[in-house]
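Any read-out appearing in this document is the output of simple, stated calculations on the displayed coordinates, not a laboratory observation. Keep in mind that what you see is a predicted model, and the values were worked out from it rather than measured. For neighbour counting, all protein chains shown are included, and Cβ atoms are generated from backbone atoms with ideal geometry for every residue, glycine included.
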Amino acid sequence: MTTRTAGPTSPRSAATSGTTPGACTRSASATGSDRTHCRTPDAARVRRRGAARLALLFAVLTGASPAGADPVRPANAAAAPARVLVFTRTTGWRHDSIPVAVATLRELAQDQGLEVVHSEDPASFTSRNLAGFRAVLFASTTGDVLDEGQQAAMEAFVRDGGGFMGVHAAADTEYDWPWYGELVGARFAGHPPGLQTSRVRVAERHAIDADRGGWQVTDEFYNFRDDPRPQVEVLATLTGSDFVGGTMGDDHPIAWCRGFDGGRSWYTGLGHDVRVWSDPVFRRHLARGLRYATGAADAC
């Protein structure tokens, strides 16, 4: 074993001997006479002390941080933007519109001062990681995408006040997770063939239709296993008589929201076709969903 001994000019040595560098001490000699011993600080140490004092003075005068210290943020420094996790993992059908969906959601989020983090990694679902987000958005996820531990982290996130936003095939996800089915509001049952066109009736309180004259959409329309009413607030319905293959009547729910289990949930069944993502009314629809899911607005 090697023992490290402080040198004669180290602060540790000075502290042990009871002397201070540059101080004088008196001691008795062998002949009984007193001797005075003075230690002179070396020039390098003096220069270092002088430089440290100057750095401290500069920091006081300018607000800068001394070298080696944590930087001091000005009181008016911009806070980091609130974040939204956009999750697009699929273990079933994979939608071609997913890349456009992510890009559009990122743009809409930025307009609201939000930062989008896109992931397909289920390892993102830990309590520690989710704590850094205002909302989690499932954009056309399909199949089983989270294991039991990750599901528990998602449940804890919502119960702690977090928001959820589901788009299109989010309703075609996690059939063996009952809590998730309640979170989304209704599960996918099937869809009529191909792309069809329908008028969309929008609830007055949803306020996305600028001219109030109605909204017509061409997309793939989902039928759901159950009508989500009355557990949710329906925001938009399809006109069932406008297309073939609907199973939910002429007032066919396609978008809704609800407070759920301590948090917030917002869902739209639209978003299958790439082209619908450039529809300005659909974009306003999504923007309102983001504001609700992130807690920026009480109304959805």
Candidate set from the range 153-171 (those that are part of a strand (DSSP E or B) and of a type in the set (A, V, I, L, M)); member that is nearest to V274 (Cα to Cα): V167
Restricting attention to the range 233-240, does a residue exist that is among the acidic types (D, E), touching a Lys or Arg at 6+ places or on another chain (Cβ under 7 Å) and assigned to a strand (DSSP E or B)? yes
Could you please let me know if G295 is surrounded by 14 or more Cβ atoms within 10 Å (Cβ to Cβ), not polar (S, T, N, Q) and not in a helix (DSSP H, G or I)? yes
Which condition does G161 not pass, out of (1) touching a Lys or Arg at 6+ places or on another chain (Cβ under 9 Å); (2) surrounded by 15 or more Cβ atoms within 10 Å (Cβ to Cβ), if it passes all the others? (2)
When you scan the range 120-146, how many residues do you find that are surrounded by 15 or more Cβ atoms within 10 Å (Cβ to Cβ), closer than 16 Å to T88 by Cβ and out of contact with any Gly (no Cβ under 9 Å at 6 or more places or on another chain)? 4
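Each row is one residue, and each column tells you yes or no for (1) on the phi > 0 side of the Ramachandran plot; (2) under 13 Å from the mean Cα position of the chain (by Cα); (3) in contact (Cβ under 8 Å) with a residue 40 or more places away in the chain.
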| position | (1), (2), (3) |
| --- | --- |
| R89 | no, no, yes |
| V102 | no, no, no |
| H118 | no, yes, no |
| V136 | no, yes, yes |
Checking C300 against (1) assigned to a helix (DSSP H, G or I); (2) under 25 Å from the mean Cα position of the chain (by Cα), which test does it fail? (1)
Within the range 226-237, count every residue that is out of contact with any Gly (no Cβ under 7 Å at 6 or more places or on another chain) and either among the acidic types (D, E) or surrounded by 14 or more Cβ atoms within 10 Å (Cβ to Cβ) (or both). 7
